Every structure is written in C-alpha cells, then in structure tokens.
Ligand SMILES: Nc1ncnc2c1ncn2[C@@H]1O[C@H](COP(=O)(O)OP(=O)(O)OP(=O)(O)O)[C@@H](O)[C@H]1O
Ligand SMILES: [Mg+2]
C-alpha cells in the first residue's frame, strides 16, 4: 500500500537523530479529516479534537496550528489532567508575586506565553469548573487576569481543545460548562479509533519502523509481510500509540534487518502478562499455538478492563459479539464475562466516536448562542 504521508512542520526543530515525524493518513476517514483541517486551519476559530486515547488528537491539533496563519508563532500544549485544580489556574493565566505561598516571583502563564500563537488544551474535560469559567472569559473577551493580580491583560491565542471524553454528554450531565462547550466546539474533529481504519496499519508501521530504525541505528530495518498482516489484525485498544510502542520495541529488540512475527508477542504494551506458549515435550509451539495463547490473554485482559461487559469487550477488540462468545467458549473464559454488564463511560464514548468521523458544528457569528446541530 502506498503511504500518502503529510509532512508537518514541527513547532520545535527536529534533531538529526530524531527525524521529522510524518502524519500518516491513507484511510478515507483520515483524508476527510485532513481536508477539514486544511479548510478550518487558516480560519481563526476554536476547535475541539476528540477521540479515544492514542488516536492522534495532539498530532491533529498541531496540524491545525501548522496550517494556520499563526504557524510561525508559538504552539504550546497544556495538559489539564496533569495539574491539580488550584495550580491549573495559575499555570494557565499566570500569577502575581505573593499570590499564594511559594509565589515568590510573578509568573506568566501559558496564555501569555502563547500570545499570537496556539494553545492546545489537552484533556480539557478535566478542567475544574472555576477554571472553566475563566477560560470562557478568555475565549469571549480575549482577557486574562493572573491569580492575585488586579490587572487584566489582553491576549490573542487560538485554542484547540483535545478530549477523550464525549464533551457534549459531559456538558449535558452538568460536568462541563455548556456555554464553554459551545464556545470551544465551533468545529469538532473526531479522530477515529485505529480498529476503524485498519488499512492505515501498514503505512503507520512502516513509518514507525523508519522512525525508530533511525533512532536506534538500524536504518534498514523492515517488518516482514507476515508481521504486518498480524499487526493489521491485532485489536489495538490503545490505538496508534500502542502500535507505535509495539513497533518501537520490536525495532529496539530486533537483531536482524527483517523483523518477523515471532517478535510480536513480546511487543504488545499491555502484554507483560501476555504469556507466550511455553515449549513443550514436542518442542517449540507452533505459530498458531503462540497466537492463540496471546489471543486468550488479550481477551481476558480486555474483559477484566470492562468488568465483564461482553458488548464493550467485543467493541474494543473489534469483534462481532458472536465471535467473541465463540472465543470465550474456546478459551474457557465464560466465567470472566459473567460479572457485567456495566454501562461504563467508555461504552458511552464508543457510541459517540462511532457516529461520525468529522462533525462540524456550524460556525456562527455568535458561537456561544444557539445549540449547534
Ligand atoms: N496518523 C498518524 N501518523 C503518525 N503518527 C501518529 C499518527 N497518529 C498518532 N501518531 C503517533 O501516535 C502517538 C499518539 O498520538 P497523540 O499523542 O497525538 O494521541 P492522543 O490522541 O493525543 O493520545 P492521548 O489521548 O493518550 O493523549 C504519537 O507518538 C503520535 O506521533
Ligand atoms: Mg494527547
């Protein structure tokens, strides 16, 4: 398959040893997403990028910046989940000297530092409500007020918000400010999970093999066709990131130029507990036996992660429910599936992400007004 890769100018210069990452997007869904990014990139509107973990939301956010008129200005990312509530406000908006214990110097926040450029708010759904109110103010008025300061400063920042939650549902449930949601989601880009665009896997794997081959001094490394086929069938609940980690590990551990299927079992990120079938009196287990051992372990771990909910496990694994039941019987895992069902948030999310790839909420002059459709 021919990889049509878009080269994205990184915000930081890539070092020689760390070649420029490429965004792979050969599937119809990703091509469509790129077309929307090309259309909305240059328009100075806020964007929500949603999708499951590891699908490439941050990469899409950086593409929005790269295709905007702000591309030569700073691109900053703030992870809303990593900073506790009280600190998030000071980190985003800055603080005055003496604003709180330990604030010995005044400090500029992310908004001030991103002035003229783009600020990616990663995991925006985790932002505490009081900070959400302040964020709304920046978006509406273009003003920030550092913590402990009487002064208001003007900033010109384009916000791109990433989330792996269904933000609309969070807003309906009162966990996320509805007015902020509508103000943010002028355009919403939904990055589909990898299992819905498996045709991307050969190109992605090749790109990661190239990237890590160069990094680990094994430039000629390639993945065998049988390995690529196996990668195309794996469930990848951690999406592109999990595939990237698996390829990185196989390349790092590889001893020859061509990496074959035998490298796969040890390379799954979720797989410390994934046993490879042990050699028996008959000798090394066949490839089929090894894959079945791995399959059983992946299914058991997925079931455990969703509290035995078979529908959700089938969805995560990209299997029809009947196929999953068949595997459960074959591997004697029926009892593991008895604890469910639980309607989890991720089940809810799946419906959201399954719906459409790109949802464009009408950009109206007053984005905070009317309920977009
Ligand atoms: N289309 C793609 N082409 C090349 N690399 C990709 C692509 N999509 C994702 N990646 C790589 O996969 C990894 C995960 O991507 P990214 O961090 O953007 O995902 P995310 O959706 O923000 O994940 P999380 O929800 O965990 O924050 C990154 O290393 C990124 O470079
Ligand atoms: Mg991210």
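The values are calculated or read from the model by the stated rules, or taken from the named source; none is laboratory data. Note that this is a predicted model, so its numbers are computed, not measured. Positions of Cβ are backbone-derived with ideal geometry, glycine not excepted, and every protein chain shown enters the neighbour counts.
Among the strands (runs of 3 or more DSSP E) confined to region 1-100, the ones with at least 2 residues that are modelled with pLDDT under 95 and more than 22 Å from residue 143 (Cβ to Cβ) are located at 5-7, 22-24.
Residue by residue, here is whether (1) within 16 Å of ligand 1 (Cβ to nearest atom); (2) closer than 23 Å to residue 163 by Cα; (3) surrounded by 21 or more Cβ atoms within 10 Å (Cβ to Cβ) holds:
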site: 87; (1), (2), (3): no, yes, no
site: 93; (1), (2), (3): no, yes, yes
site: 106; (1), (2), (3): no, no, no
site: 119; (1), (2), (3): yes, yes, yes
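Residue 277: in contact with a helix residue (DSSP H, G or I) (Cβ under 6 Å, 6 or more places away or on another chain), farther than 30 Å from residue 27 by Cα and modelled with pLDDT under 85, yes or no? The answer is yes for residue 277. Within region 35-54, the set of residues being under 15 Å from the mean Cα position of the chain (by Cα) and surrounded by fewer than 20 Cβ atoms within 10 Å (Cβ to Cβ) comprises 53 only.
Scanning region 219-246 for residues being more than 16 Å from ligand 2 (Cβ to nearest atom), outside any loop (DSSP other than H, G, I, E, B) and within 22 Å of residue 293 (Cβ to Cβ) gives a total of 10. Pairing each residue of region 138-164 that is assigned by TED's automatic domain parsing to the domain that holds residue 186 and within 17 Å of residue 124 (Cα to Cα) with any residue that is assigned to a loop (DSSP other than H, G, I, E, B) and within 16 Å of ligand 1 (Cβ to nearest atom), provided the two are 6+ apart or on different chains, yields C-beta distances under 7 Å for 162/123; 163/123; 164/51; 164/52; 164/53.
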